[in-house]
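Beneath this line is the structure, given in structure tokens, with notes to follow.
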Amino acid sequence: VGEATEGVRQALEPILGQVMAEGPRESGQVVSEAVKQTAAQRKAEVDAAYTHARSLPGEVQAEAFKDIGTRIRDDLSNRPEPIVIDDKLTPFASQAIQDVDNRIAQLQIQNRAQAQSKGILLPEDDLTVAGVTLNGVDQMRKRLSAFRNQAFGTGNKTDGRAVKAVIAAFDSHIDNAINSGLFTGDQRAVQAWNNARAA
């Protein structure tokens, strides 16, 4: 054990010969802290990438959201291992897919802090909406993410995985729309969006 401990200690000082940790326990703490710092840095980079994409003008055409609920359900059902959504067994996934039908497909993106429509809040009686800004798309996704967090929060992993599948199908649909000519506006936003998704 002593030899192994010394080996670990020496392995942690390969460059400058400085002692990074005295033993396995300390080395674990060093690694854990490094992982946390790296994760925080990566999250900040991803957030910055999305912020940049959303800052560029443009919108996803309303056509992209037509029948999006049906398309997501088809994606979930046609997998090699289909995702089953059941009101009792996967209640939050059930709410998520209903939200897709009742809000996203109808372009009802709620923002009670905003008095008038600016491409994010789309009133129920507005039937002339041309498209949805990337901020609006992000708001849609945040709603689905809230269902995922609630599902995992209850300890129902099956429900959590089902909501994750809904989100993945939503992301795939939006990616396809943005990259297939259904995005109008600053074309730099397309690459910025793809960079953010890749990150």
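The values are calculated or read from the model by the stated rules, or taken from the named source; none is laboratory data. These figures come from a predicted structure and were not determined experimentally. Note: ideal-geometry Cβ built from the backbone for every residue, glycine included; neighbour counts use all protein chains shown. These accessible areas exclude ligands, DNA and RNA; they are computed on the full protein's heavy atoms, side chains included. Shrake-Rupley method; radii C 1.70, N 1.55, O 1.52, S 1.80 Å.
Going by what's in this entry, would residue 162 be described as more than 18 Å from residue 49 (Cβ to Cβ), in contact with a Ser or Thr (Cβ under 7 Å, 6 or more places away or on another chain) and modelled with pLDDT of 90 or more? It is true that residue 162 is more than 18 Å from residue 49 (Cβ to Cβ), in contact with a Ser or Thr (Cβ under 7 Å, 6 or more places away or on another chain) and modelled with pLDDT of 90 or more.
Here is a yes/no grid of residues against (1) under 26 Å from residue 186 (Cβ atoms); (2) modelled with pLDDT of 80 or more; (3) within 21 Å of the chain's Cα centre (by Cα):
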| position | (1), (2), (3) |
| --- | --- |
| 113 | yes, no, no |
| 121 | yes, no, yes |
| 127 | no, no, no |
| 133 | yes, yes, yes |
| 137 | yes, yes, yes |
| 140 | yes, yes, yes |
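For the stretch 87-104, taking the residues that are within 14 Å of residue 160 (Cβ to Cβ) and not hydroxyl-bearing (Ser, Thr, Tyr), the one that is surrounded by the fewest Cβ atoms within 10 Å (Cβ to Cβ) is identified as 89. Residues that are open to solvent by less than 50 Å² (accessible area, probe 1.4 Å) and in contact with a Leu (Cβ under 9 Å, 6 or more places away or on another chain) within the stretch 145-184 comprise 156, 159, 162, 163, 165, 166, 167, 169, 170, 178, 183, listed in sequence order. Among residues of the stretch 133-156 that are at negative phi and assigned to a loop (DSSP other than H, G, I, E, B), those with a Cβ under 9 angstrom from a residue that is β-branched (Val, Ile, Thr) and buried (at least 20 other Cβ atoms within 10 Å of the Cβ), sequence gap 6+ or separate chain, pair up as 156/90. Could we say that residue 18 is part of a helix (DSSP H, G or I), over 30 Å from residue 194 (Cβ atoms) and modelled with pLDDT under 85 here? When the stated conditions are applied, residue 18 does not pass them.
Of all the residues in the stretch 182-198, those that are part of a loop (DSSP other than H, G, I, E, B) and either under 23 Å from residue 169 (Cβ atoms) or of a type in the set (A, V, I, L, M, F, W, C) (or both) number 1. Hey, does the stretch 39-51 have a residue that's over 18 Å from the mean Cα position of the chain (by Cα), open to solvent by 80 Å² or more (accessible area, probe 1.4 Å), closer than 27 Å to residue 144 by Cα and modelled with pLDDT of 85 or more? No - not one qualifying residue is present in the stretch 39-51. Scanning the stretch 56-76 for residues that are open to solvent by 70 Å² or more (accessible area, probe 1.4 Å) and either at negative phi or part of a helix (DSSP H, G or I) (or both) gives 57, 63, 66, 71, 73, 74.
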